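Have a look at the structure below, then the notes.
The values are calculated or read from the model by the stated rules, or taken from the named source; none is laboratory data. Quantities reported herein were computed from a predicted structural model and do not represent experimental measurements. With ideal geometry, Cβ positions are generated from the backbone for all residues, glycine too; neighbour counts draw on all protein chains shown. Heads up: the accessible areas ignore ligands, DNA and RNA and are worked out on the full protein's heavy atoms, side chains in. Shrake-Rupley method; radii C 1.70, N 1.55, O 1.52, S 1.80 Å.
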Amino acid sequence: YTYGWGAREGVAYWSYLYGGPGSFGYAYVLSGLEWENYVVEIRFTPGRNQAAVLLRCQENLNSYILLRGSGNSLRWLVFVDGEAVEESDEVTPGYFVGPQDMRITAIGNQYILYINGIERSRFTDARFTKGMPGLAGFGHFAGFSSNTQYDSFRVTALD
């Protein structure tokens, strides 16, 4: 197995080769444990693997809300102690070809996803009301051009 986060020309990516189950790479805003209402914005270019954003990550790094997607579909998942305890219906299609601007608002127990300015999904879950945002990457191809590329990650507090 060869995997890990990389960067090229200021763009982060998750690189993974010879995949097996459970091959995720996570990156968290560790100072955000007490963050409550916020907006996560990121520009990314989908590759052959899947792109994901974490919300409300808890101190043990095993409990969080995850938005995962590929070209086929988007799906919200809730993890508690490393186990998926809830999964939303699929939203299709998922990510499109080329650069995407994603915005997720996390207010209380409500989550709203916008891609390229268009609302794509809403999700409600009351398990966590604060916690760190972050990124996740996973897939089966290595090399900068075939992996999902993440850029301009920004978190803004909401009153």
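Worth a mention:
- Of everything in region 35-84 that is under 19 Å from SER121 (Cα atoms) and not in a strand (DSSP E or B), the residue that is most open to solvent (accessible area, probe 1.4 Å) is ASN72.
- Answer from ASP125, ASP81, ASP89, ASP101 - the residue that is farther than 19 Å from THR156 by Cα and either in contact (Cβ under 8 Å) with a residue 60 or more places away in the chain or in contact with a helix residue (DSSP H, G or I) (Cβ under 7 Å, 6 or more places away or on another chain) (or both): ASP125
- 1 or more residues surrounded by 13 or more Cβ atoms within 10 Å (Cβ to Cβ) and modelled with pLDDT of 95 or more: qualifying strands (runs of 3 or more DSSP E) within region 95-159: 100-107, 110-115, 118-124
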